[in-house]
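Reviewing the structure listed below.
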Amino acid sequence: MRALVVANPAATTTTGRVRDVLVGALASELKVDLAETTHRGHARELARQALAEGIDVVVALGGDGTVNEVVNGLLTDGPGAHVPTLAVVPGGSTNVFSRALGRSRDPVEATGEILDSLRAGRTRRVSLGTASATGTSTAPVRGVDAGTAVAAADVDAAAHDGWTDPRWFVFAAGLGFDADVIARVEAHRARGRRSTGVLYVREATRSFVLGRERRRPAMTLAVPGSPDLDGLFLCLVSNVSPWTYLGSRPVNPSPEASFDTGLDVFAMGRMGVLRMLHHSRQVLARRPDARGRGVHRLHDLDGISLTASRPQGWQLDGDHLGTATGLRVRSVPSALSVIA
């Protein structure tokens, strides 16, 4: 079998030495080519090329952002038997998708698990999600006056009132508060700071306490066959459980989410600091079960729509994509074959 390893040399835990060891191990079972990414979107381009060339297996070596790009390249023409099988070797700081597949957090051990599965022919098909946005803007929201940022986003939103092409996500999508936290963390990373659980907690706390969104919630959630839910400041869409991790600790707002079902939603309405702390403890508990006033949980959905009265940050698989005033999310069952 022919395989392409798509490696992100900038991933948090990826080194040249580790990469060479992994490629050497995979070459014992596969005819392996290696390609390293050099710019944003490059992994998508490489995966699209692998699809066109009829490669059998594409191995993503990197974090969740690399996996997202590879999946979007592989599914350029949609799901089908012609799409290469995906394998994932964790190389980022969180690696949600890899961990959801049951892979070891150690890249060398994960490679050994992939080889064992290849020898045994163990693959599975997993559900994924797609998301389209409207009223989009990539105007900077950090490092400029808040009023200027809002005005620029409003102008862009008015100019982009059509829907973007659907983009695949593997484990999570979100509009509102979570995307704002990701934007704050990415700003720190751009200045050379390492992404850590402590950094996420600090920025989440700062965004919640100082931000205006939880005081003036702007979002409405629409689910076919159910009444609309308005007055939301956060909406997390999960394809797997946990939603993410703080180091080794799972953050689990939607514990029923699974590759074998539709999408799960965890949304929050207006609330104060004490109630937010209470619900935060619930999603971090050993047996997570967040419930209470202002909390909305929905399970096994085919799709949802979100609208916002003013531009909100949006994210897919932990990648902040700017702001939008609407998001349409759909579940696609059995979308991709992966090494189990």
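The values are calculated or read from the model by the stated rules, or taken from the named source; none is laboratory data. Every value quoted in this text rests on a predicted model; they were computed, and no experiment measured them. Here Cβ is always computed from backbone atoms with ideal geometry, including for glycine, and neighbour counts include all displayed protein chains. SASA here: full protein model, heavy atoms, side chains in, ligands and nucleic acids out. Shrake-Rupley method; radii C 1.70, N 1.55, O 1.52, S 1.80 Å.
Tell me, which residue of region 154-180 that is under 25 Å from MET268 (Cα atoms) and at pLDDT below 90 is surrounded by the fewest Cβ atoms within 10 Å (Cβ to Cβ)?
For region 154-180, the residue satisfying everything is ASP154.
Consider only pairs whose beta carbons are under 7 Å apart and that are at least six residues apart or on different chains; among these, list those whose first residue lies in region 237-266 and is closer than 18 Å to HIS299 by Cβ and whose second residue is charged (D, E, K, R) and open to solvent by less than 20 Å² (accessible area, probe 1.4 Å).
Close Cβ pairs satisfying both conditions: SER238/ASP264; SER254/ASP264; GLU256/ASP264; ALA257/ASP264.
Which one of these does PRO79 not meet: (1) surrounded by fewer than 19 Cβ atoms within 10 Å (Cβ to Cβ); (2) farther than 24 Å from ASP165 by Cβ; (3) not polar (S, T, N, Q)?
Tallying (1) surrounded by fewer than 19 Cβ atoms within 10 Å (Cβ to Cβ); (2) farther than 24 Å from ASP165 by Cβ; (3) not polar (S, T, N, Q), PRO79 fails exactly one: (2).
Looking at GLY112, is it of a type in the set (Gly, Ala, Ser), in a helix (DSSP H, G or I), under 25 Å from PRO242 (Cβ atoms) and more than 17 Å from the chain's Cα centre (by Cα)?
yes
Provide a single number: the residues in region 181-210 that are of a type outside the set (Gly, Ala, Ser), open to solvent by less than 20 Å² (accessible area, probe 1.4 Å) and at pLDDT 85 or above.
Selection size over region 181-210: 4.
May I ask you to list the residues in region 245-303 that are open to solvent by less than 30 Å² (accessible area, probe 1.4 Å) and assigned to a helix (DSSP H, G or I)?
MET276, HIS279, VAL283, listed by residue number.
Checking ALA183 against (1) of a type outside the set (S, T, N, Q); (2) part of a helix (DSSP H, G or I); (3) under 17 Å from GLY247 (Cα atoms): exactly one of these is not met. Which one?
If we test ALA183 against (1) of a type outside the set (S, T, N, Q); (2) part of a helix (DSSP H, G or I); (3) under 17 Å from GLY247 (Cα atoms), just (3) comes out false.
Any residue at all in region 216-231 that's open to solvent by less than 30 Å² (accessible area, probe 1.4 Å), closer than 20 Å to ARG281 by Cα and of a type in the set (Gly, Ala, Ser)?
no
Could you tell me how many of the residues in region 308-340 are among the aliphatic types (A, V, I, L, M), open to solvent by 10 Å² or more (accessible area, probe 1.4 Å), under 22 Å from PRO224 (Cα atoms) and under 16 Å from the mean Cα position of the chain (by Cα)?
1
Of the residues ARG44, ARG19, which is surrounded by fewer than 24 Cβ atoms within 10 Å (Cβ to Cβ), basic (Lys, Arg) and modelled with pLDDT of 95 or more?
ARG44 is the lone residue from the list that is surrounded by fewer than 24 Cβ atoms within 10 Å (Cβ to Cβ), basic (Lys, Arg) and modelled with pLDDT of 95 or more.
Which one is nearest to GLY62 (Cα to Cα) among residues in region 6-51 that are in contact with a helix residue (DSSP H, G or I) (Cβ under 7 Å, 6 or more places away or on another chain) and part of a strand (DSSP E or B)?
Applying the filter and picking the extreme gives ALA7.
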